[in-house]
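Engineer: Submitted below is the structure of interest, expressed as structure tokens.
The values are calculated or read from the model by the stated rules, or taken from the named source; none is laboratory data. Please read these numbers as outputs of a predicted model, since none were measured by experiment. Quick reminder, even Gly has a Cβ in these numbers, built from the backbone with ideal geometry, and neighbours come from all protein chains shown. Protein only, heavy atoms only, side chains kept; ligands, DNA and RNA dropped before computing areas. Shrake-Rupley method; radii C 1.70, N 1.55, O 1.52, S 1.80 Å.
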Amino acid sequence: MATFSSKIVTIERHTLQQQQFRPGATGALTQLLNDIAASAKIISREVRRAGLGDILGDDGSVNASGDDVKKLDVYADKAIYRMNDHTGRVCVMASEEQEEIIPIPDKFASESAKYVLMFDPLDGSSNIDCNASIGTIFSIHLRQSKGAHGTLEDCLQPGCKQVAAGYVIYGSSTVMVYTTGYGAHGFTLDSTLGEFLLSHENIKIPDAGKIYSINERDTHSWTPNLQRYVAWLKEEDAETRRPRTSRYIGSMISDVHRTLIKGGVFMYPGTVKRPDGKLRLQYEVNPLAFVVEQAGGCAITEDGGRVLDLQPTELHQRTSVFMGSKNDVDECAAFLDGSHPALA
Ligand code: AHM
Ligand code: MG
């Protein structure tokens, strides 16, 4: 007879339990996280059906960051908006898919709405047509403004001010990982029950990994120190775990999720054409950096600063990023600032 040794915990129960760590909590953040989980179920269902209907392929437009918009991006963007525009918990939203901040409709806008919700509805969407994993990334801040409507300034807070963040990866299964600053926790969607069940409690990223993840197309646009670092990773030296293995899906959420589970380093540096890289600070880098730090890892920019300390000045700001296992990021930082002995 099967025996069951561990408890079954739904995401609703988990977010409620986590509320105890926030003295004075009203339950609004707990409910907001549950609303995000609910929109993720809707998006997951649609992603799973992709290819069955007339949903695959480009819709012909270009988004605020200059990328082609896929129909599923639009669907995911609307699903998150419609789940959160009327709850009285969110004062303003911002999406990677939309140029400006997204106001709450007047009839639902309220001074008591405490939270700012920013999201990348479907990250890695260029992978939709070939069935590689994609995902939703979200970042939540406490509002700073007064009045019925939240403002742009509410959306321009540094990542260290996030009160919660996470992502949902639509991979071989659908997994939601979130943090409210008390560890990073993962839940797998049981599609027959329609419930996210705790599957990765208190995720700990390995201190060191064997995988590096970067788009090597840009090798010739990297700084000489970064070129040397990636070349060094390929050299043979068992003592320093080399050569490392390369993995790059081209879907940040998938590359970072793998890094979180298996360890290693994920890198998106600046290039000659794009000195700040490609990835967006508020929608992609900050939320994933928060999760990675909560799992015991690190996230820095190319100049060695902590990602979460960056003060955003514009909504669709880009930043370079190097994130993952502590040892790997430290090693990488030493190459970037020129202090690594291998550069002598
Ligand atoms: P997207 O938000 O339009 O999907 O673009 C972001 C994606 C990231 O998921 C991924 O890390 C990166 O673009 C890959 O870019 P590149 O093809 O330049 O390596
Ligand atoms: Mg994205």
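Engineer: Can you give me the solvent accessible area of V307 with a 1.4 Å probe, rounded to the nearest 10 Å²?
Structural biologist: Its heavy atoms expose roughly 0 Å² to the probe.
Engineer: Just to be sure I understand the curve: with the Debye formula and one point per C-alpha of the chain, what is log10 I(q)/I(0) at q = 0.06, 0.11, 0.12 Å⁻¹?
Structural biologist: Per q value, in the given order, log10 I(q)/I(0) is -0.21, -0.71, -0.84.
Engineer: Would region 11-200 count as rounded, prolate or oblate if I go by the C-alpha gyration tensor, calling it rounded below 1.5 in a/c and otherwise prolate when a/b exceeds b/c, oblate otherwise?
Structural biologist: Because a/c hits 1.5 or more and a/b fails to exceed b/c, region 11-200 counts as oblate.
Engineer: Which aspartates and glutamates have a Cα lying under 14 Å from the Cα of K273, excluding residues fewer than 8 positions away in the same chain?
Structural biologist: D218
Engineer: Under a GNM of the chain (C-alpha, springs under 10 Å), which listed residue has the highest mean-square fluctuation: G186, G124, G194?
Structural biologist: G194
Engineer: For K114, give me every one of the lysines with a C-alpha distance below 16 angstrom, ignoring sequence neighbours fewer than eight places off in its own chain.
Structural biologist: Those lysines meeting the cut-off are K146, K161.
Engineer: Using R₀ = 22 Å, calculate the FRET efficiency as 1/(1 + (r/R₀)^6) where r is the Cβ-Cβ separation of S246 and T188; round to 0.05.
Structural biologist: 0.20
Engineer: Specify the angular offset, from 0 to 90 degrees and rounded to the nearest 10, of the alpha carbon long axis of helix 28-49 from the longest principal axis of the alpha carbons in the chain.
Structural biologist: Result, in degrees: 70.
Engineer: Here's another thing I want to ask about it. Can you give the % of DSSP beta bridges in the chain that are antiparallel, to the nearest 5?
Structural biologist: So the antiparallel bridges amount to about 85 percent of the total.
Engineer: Shape call for region 201-325 from the C-alpha gyration tensor, a ≥ b ≥ c root eigenvalues: rounded (a/c under 1.5), prolate (a/b greater than b/c) or oblate?
Structural biologist: oblate
Engineer: Too long at a 20 Å Cα-Cα cut-off: which of K204/K326; K41/K107; K210/K234; K41/K262?
Structural biologist: K41/K107; K41/K262
Engineer: Measure nothing but the geometry: give the 0 to 90° angle between the long axis through the Cα atoms of 224-233 and the longest principal axis through the Cα atoms of the chain, rounded to 10°.
Structural biologist: Once rounded, one gets 90 degrees.
Engineer: Provide the gained length on full extension for the span S173 to C160, in nm with one decimal, where the gain is 0.36 nm per separating residue minus the Cα-Cα distance.
Structural biologist: 1.7 nm
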